[in-house]
1. If I take the Cα coordinates of segment 43-92 and project them onto the principal axes, what are the three extents in Å, biggest first?
2. Please compute the contact order of the chain in relative form: average sequence separation of alpha-carbon pairs under 8 Å and at least six residues apart, divided by the residue count, as a percent.
3. Determine the sum of side-chain charges near Gln16: Lys and Arg each +1, Asp and Glu each -1, restricted to other residues whose C-beta is under 15 angstrom from that of Gln16.
4. Over segment 38-98, what is the relative contact order in percent, taking alpha-carbon pairs closer than 8 angstrom and at least six residues apart?
5. Show me, bin by bin at 5 Å from 0, the whole-percent P(r) of the chain based on Cα pairs.
6. Treating cross-link reach as a plain straight distance, find the aspartates and glutamates whose alpha-carbon is under 15 Å from the alpha-carbon of Lys161, omitting any fewer than eight places away in the same chain.
7. Hey, what number do you get for the chain at 222 nm if only DSSP H runs of n ≥ 4 count, each worth -39500 (n - 2.57), divided across all residues, to the nearest 500?
8. Sequence-distant or interchain residues sharing an amide H contact under 5 Å with Ala135, placed H: which?
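All of the numbers you see were taken from the coordinates with simple rules; none came from a lab. Everything numeric here is computed off the predicted structure, so don't read it as measured data. Ideal geometry is used to build each Cβ from the backbone, glycine not excepted, and the neighbour counts take in all protein chains shown.
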Amino acid sequence: MFVLLFGPPGSGKGTQASALAERLGVPHVATGDIFRKHLREGTALGQLARSYMDRGQLVPDLVTCDLVASRLGENDAAGGVLFDGFPRSVPQLYWVLGHLGATGRSLAHVVNLQVDDRLILGRITGRRTCTNCGATYHVDSAPPDADGNCTRCGKPVVQRKDDTEEVVRDRLVAYAAQTFPCLEQLVGRVPVHNVDGVGSIEEVRVRIFSALGLQA
Ligand code: AMP
């Protein structure tokens, strides 16, 4: 089953994705995570992506779709994936619909996480991310351990370069201009479930599961 987790930066997509992917029995494909992995490994793709990510801009569609095409070509993705942070532009959306359609597959559901812009800024600027495993924390609501390290793997937890207020504002502009229009194109093509993304992680998880008819 191919499912798309949609929503602005900071709406909680990454936080909710692991449990949902596990429940659906499909891999979690987060283009942002894949770009950050390339960045850490210093690949050419990582260098290219960095110049866009640091400015809160989208990595070009061709580069992103190529990356997703190769991920979808892996064995574990044959029966479905949970997309997180992809597609993020109308060209990416039409590319993925065509790519899946060419092999008789389709998007089954879209979960649209809704969170007010004012909340988003606080959520993202307070967010901290493990440099090793990518686990996320929040300075107020879910801090790392007393030494500022990851409670999962013990490595340092830092603020992502693109989680500063200045860059977040640019990311929200990119979302409104390039990503949000995907929703209009999706409505009528794929069932879109609007889910209130404000609440505890558990509350939002239950709402998502129930929107998809899954037992919590
Ligand atoms: P995320 O971790 O999903 O917030 O993504 C972080 C950054 O990676 C974004 O601000 C973009 O610069 C880049 N990125 C992630 N996914 C995409 C995508 N589907 N298309 C273009 N750029 C992306």
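1. 35, 26, 16
2. Relative contact order, the chain: 28 percent.
3. Computed value for this residue: 0.
4. Once divided by the residue count of segment 38-98, the mean separation gives 22 percent.
5. All Cα pairs considered, the percentages come to 1, 7, 14, 19, 21, 19, 12, 5, 1, 0, 0.
6. Asp33, Asp54, Asp170
7. Taking each H run of at least 4 residues, the total per residue is -13000 deg cm²/dmol.
8. Cys130
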